[in-house]
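Structure first, commentary second.
The values are calculated or read from the model by the stated rules, or taken from the named source; none is laboratory data. These numbers were taken from a predicted model, which means no experiment stands behind them. Cβ atoms come from the backbone with ideal geometry, glycine included; neighbour counts cover every protein chain shown. Quick note on the areas: whole protein, heavy atoms, side chains included, nothing else; ligands and nucleic acids left out. Shrake-Rupley method; radii C 1.70, N 1.55, O 1.52, S 1.80 Å.
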Amino acid sequence: SSFLYGNPVIYINGKKVREVSEVKQLDVKNIKTVEVNTNPGAEYDASTGIVLLITTHKRRTGLTILATTLLQHNHFFNYGGEVKANYKKEKFNLFGQIGYIDNAQRQYIKSMSEFVGDTIWQINGEIITEKNSNKRFGYGLGVDYELFKDHEAGIKYEGTQDNSLLKTRLPFSMRANSILHTEIEGQSTEQSGGGNHYVNGYYIGRFNNKLSVELFADFLKKYNQTTQNTTEKSVLDGVTTNVIKTAINNTFWAVAPKIYYTFNDKNKILFGIEYSNILANSELNYFPQSTNNQESSSKEHKISSYLGYNFDNLSGLAINAGVRYELVSLIFDDIIDHKNSINRTYGDFFPNLNFSYKIGSLWHSLSYRSGITRPTYRLLNANAYYVNRFMYQEGNPKLLPEISHNIQYNMMYSFMYFSAQYSYKKDPILSDIVPVSKNIQKSTYINFDKMQVFNLMLNMKHKFWKFYTPSLTISYKQNFINVQNYKGNQLLNTPFWMIDFENNLELPKGYNFYAKYNYTSTGTSGLVYVGEKHVFELGLQKSFFNDKLNASLRVYDVFHKDIDYLSGTMHNINISNMNDNDNRSIMLFLVWRFNNYNKQYKGESAAEDELKRL
């Protein structure tokens, strides 16, 4: 994730990466080129922030194998492993993988809330996660085949089975005008199970030097069931038990044809259409019914088309222009209370324009891009966590998409890179705490009217003495948002800084050592003030047996300072939170390659944005 651009979309040899582990497993010596696109054109989904294009050297024929092992320790011992195999013979390529991961962590959250009104209600709560365990078993199989010269097709299947267990203690106290009102000792156990079935197919054809066609298709089935049992002990009400059951069942399919036409070396146009269909069913039930149950069915149809033009005069000047249109039809059916149902159709144009110029070692780029962030189905549908009768969390099916307009300037000279970005966001989606009654609060997500964000980033990276490479990144971020609360209208615009200082040393006998320091200052992010953080990280890497085995040892958060501190005012509630996610850990990562493994399946998702939302 990038401080300035958000989460990137990554391609390896034309194939869209769905798990960041695929990037971590690359052999640095096998990487041919890396291209960073901070202003994606119209061919990319309107939600895309930055694109990384990684090209590796050609794979070998015959059988190649990649085996990885991860060992990690925080408060628990975590482990995982995966084996990927690839067999290539002439025009035929068969590949598959199988993997398992078992990780657990502790978490500690301390929250303080104050309801301001005729009575001042003061709440002190803790969420003490004794164990948060997640287990995943994954598997996949695929094949691609060169039909004839410059024409190939492929298909792959990937599946996962997931199980999780969350055990927490929930001590809680409430005071009314400083007089003790109630104390609750809570215990919660949450069990969840589900999985995915994903199929992707593609065809890529080049008919001549000017015309090429691509076709991608997706199918995804995602399901999950969660049961949370919470027991509360208090002097006022004795022992009570609450059960929350949630279930989701989502089906998705999409298809995306693309056409590329090259007039000459300087001019290129591209055109494409994308269609996706989502059916999402969810249920949320409380036992006993302390608040409203939910049952809903969402149907969403999305069709997109885009037209792009690329110009390169081969002397340093490049122009990229395009426009994308997305038409979305959403039917949200509230099965329990039909008055909450939604039938909405909206269409938006997303233009983009980029000028870049390079002369010698100096490169400039100025761009404009419009984008969209649609709420995930986790936020829209049944998404609940029950702390006690006074505090709980739910999703919001009435969330609107967030539209953004972005202007960006980039400059690169020698070992320096500078970027400045301004964003205007309409209907931004932010976390909010809503008062349900005089002393009951609900955590959810809502749309605000607008928000403006200003970013600056400077990076300097240079190699000294052939063995030492320092990298310094200084980032500045400031958001502007007006909120209404009991204090009146407030403008939240306190900026914050981030400094990343990484030091890489190439030691004798092939060892590589790095030390990294990250600093984040105080400031406002969305509706809350964030506290400062100082995080140190150390790492050591070594290759063995002619680079067939690579071992990496990493120590993250050496001094246990990666802890989140948040405070703010929402409506008539003052909040102050401390969140320790058990990030301090030591990790050993082993990668073994047989015959220089390098899978090059070229299929990409037909609708990556929609897959992420599910």
Next on the checklist: Restricting to the stretch 493-516, name every residue that is part of a strand (DSSP E or B), within 26 Å of Tyr476 (Cβ to Cβ) and without any contact (Cβ under 8 Å) to a residue 60 or more places away in the chain.
Outcome noted: Phe496, Trp497, Ile499, Asp500, Phe501, Glu502, Asn503, Asn504, Tyr514, Ala515, Lys516
Checklist entry - Which one of the conditions (1) in contact with a Phe, Trp or Tyr (Cβ under 8 Å, 6 or more places away or on another chain); (2) modelled with pLDDT of 90 or more; (3) surrounded by fewer than 18 Cβ atoms within 10 Å (Cβ to Cβ) does Asp449 fail to meet, given that it meets all the rest? => result (1)
Next on the checklist: Based on this model, can you work out whether Ser290 counts as outside any strand (DSSP E or B) and either small (Gly, Ala, Ser) or at pLDDT 90 or above (or both)?
Outcome noted: yes
Checklist outcome for this item: Taking the stretch 148-161 and the residues there that are open to solvent by 40 Å² or more (accessible area, probe 1.4 Å), in contact (Cβ under 8 Å) with a residue 40 or more places away in the chain and assigned to a strand (DSSP E or B), the one that is farthest from Asn581 (Cα to Cα) would be Glu152
Next on the checklist: Filter the stretch 232-248 down to the residues that are open to solvent by less than 60 Å² (accessible area, probe 1.4 Å), touching a strand residue (DSSP E or B) at 6+ places or on another chain (Cβ under 6 Å) and either not hydroxyl-bearing (Ser, Thr, Tyr) or not in a strand (DSSP E or B) (or both) and list them by number.
Outcome noted: Glu232, Asn242, Val243, Ile244, Ala247, Ile248
Checklist entry - Are any residues in the stretch 365-423 small (Gly, Ala, Ser) and closer than 30 Å to Leu170 by Cβ, and if so, which ones? => result Ala382, Ala384, Gly395
Checklist entry - Where residues in the stretch 261-287 are of a type in the set (S, T, N, Q), out of contact with any helix residue (DSSP H, G or I) (no Cβ under 6 Å at 6 or more places or on another chain) and assigned to a strand (DSSP E or B), which of them is surrounded by the fewest Cβ atoms within 10 Å (Cβ to Cβ)? => result Asn267
Checklist entry - What do you reckon, is Leu327 among the aliphatic types (A, V, I, L, M), in a strand (DSSP E or B) and open to solvent by 60 Å² or more (accessible area, probe 1.4 Å)? => result yes
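Listed here are the residues, each with its yes/no results for (1) among the β-branched types (Val, Ile, Thr); (2) in contact with a strand residue (DSSP E or B) (Cβ under 6 Å, 6 or more places away or on another chain); (3) in contact (Cβ under 8 Å) with a residue 24 or more places away in the chain.
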{"residue": "Tyr519", "(1), (2), (3)": "no, yes, no"}
{"residue": "Gly523", "(1), (2), (3)": "no, yes, yes"}
{"residue": "Gly526", "(1), (2), (3)": "no, yes, yes"}
{"residue": "Ser543", "(1), (2), (3)": "no, yes, yes"}
{"residue": "Asn546", "(1), (2), (3)": "no, no, no"}
{"residue": "Ala551", "(1), (2), (3)": "no, yes, yes"}
{"residue": "Arg554", "(1), (2), (3)": "no, yes, yes"}
Item to check | Conditions (1) at pLDDT 90 or above; (2) open to solvent by 40 Å² or more (accessible area, probe 1.4 Å); (3) over 26 Å from Asp348 (Cβ atoms): number failed by Asn310 | outcome: (3)
Checklist entry - How about the stretch 525-579: which of its residues are at positive phi, open to solvent by less than 40 Å² (accessible area, probe 1.4 Å) and out of contact with any Leu (no Cβ under 7 Å at 6 or more places or on another chain)? => result Asp557
Checklist entry - Does the stretch 80-132 hold any residues that are of a type in the set (D, E, K, R) and in a strand (DSSP E or B), and which are they? => result Glu82, Lys84, Lys88, Lys89, Asp102, Arg106, Lys110, Glu114, Glu126, Glu130, Lys131
Checklist entry - Is at least one residue of the stretch 108-126 touching a residue at least 40 places away in the same chain (Cβ under 8 Å), under 21 Å from Asn163 (Cα atoms), out of contact with any helix residue (DSSP H, G or I) (no Cβ under 9 Å at 6 or more places or on another chain) and open to solvent by less than 70 Å² (accessible area, probe 1.4 Å)? => result no
Checklist outcome for this item: Subset of the stretch 499-524, residues over 12 Å from Ser543 (Cα atoms) and loosely packed, with under 14 Cβ neighbours inside 10 Å, comes to Leu507, Pro508
Checklist outcome for this item: Flagged in the stretch 83-122 as out of contact with any strand residue (DSSP E or B) (no Cβ under 7 Å at 6 or more places or on another chain), acidic (Asp, Glu) and more than 30 Å from His571 (Cβ to Cβ), in numbering order, are Glu90
Checklist entry - When you scan the stretch 530-614 for strands (runs of 3 or more DSSP E) that lie fully inside it, which ones turn up with 2 or more residues that are modelled with pLDDT under 90 and within 30 Å of Gly195 (Cβ to Cβ)? => result 585-594
Checklist entry - Only one of these conditions is not met by Leu180: (1) more than 32 Å from the chain's Cα centre (by Cα); (2) over 28 Å from Asn485 (Cβ atoms); (3) among the hydrophobic types (A, V, I, L, M, F, W, C). Which number is it? => result (2)
Checklist entry - Can you tell me which residues in the stretch 533-560 are in contact with a helix residue (DSSP H, G or I) (Cβ under 7 Å, 6 or more places away or on another chain) and either closer than 30 Å to Met578 by Cβ or of a type outside the set (D, E, K, R) (or both)? => result Ser543
Checklist entry - So which residues in the stretch 177-204 are open to solvent by 20 Å² or more (accessible area, probe 1.4 Å), touching a residue at least 12 places away in the same chain (Cβ under 8 Å) and of a type in the set (Val, Ile, Thr), if there are any at all? => result Thr189, Val199, Ile204
Next on the checklist: Tell me the residue from Ser423, Ser471 that is in contact with an Asp or Glu (Cβ under 8 Å, 6 or more places away or on another chain), open to solvent by less than 40 Å² (accessible area, probe 1.4 Å) and not aliphatic (A, V, I, L, M), please.
Outcome noted: Ser471
Checklist entry - What residue, of Thr38, Thr55, Thr64, is touching a Lys or Arg at 6+ places or on another chain (Cβ under 7 Å) and at pLDDT below 90? => result Thr55
Checklist entry - Is it fair to say Asp118 is touching a Lys or Arg at 6+ places or on another chain (Cβ under 8 Å) and over 22 Å from Ser443 (Cα atoms)? => result no
Checklist outcome for this item: When every residue in the stretch 365-396 that is open to solvent by 60 Å² or more (accessible area, probe 1.4 Å) and not in a loop (DSSP other than H, G, I, E, B) is compared, the one farthest from Ala280 (Cα to Cα) is Leu366
Next on the checklist: Criterion first (over 24 Å from the mean Cα position of the chain (by Cα), modelled with pLDDT of 85 or more and open to solvent by 30 Å² or more (accessible area, probe 1.4 Å)) does Ile407 satisfy it?
Outcome noted: no
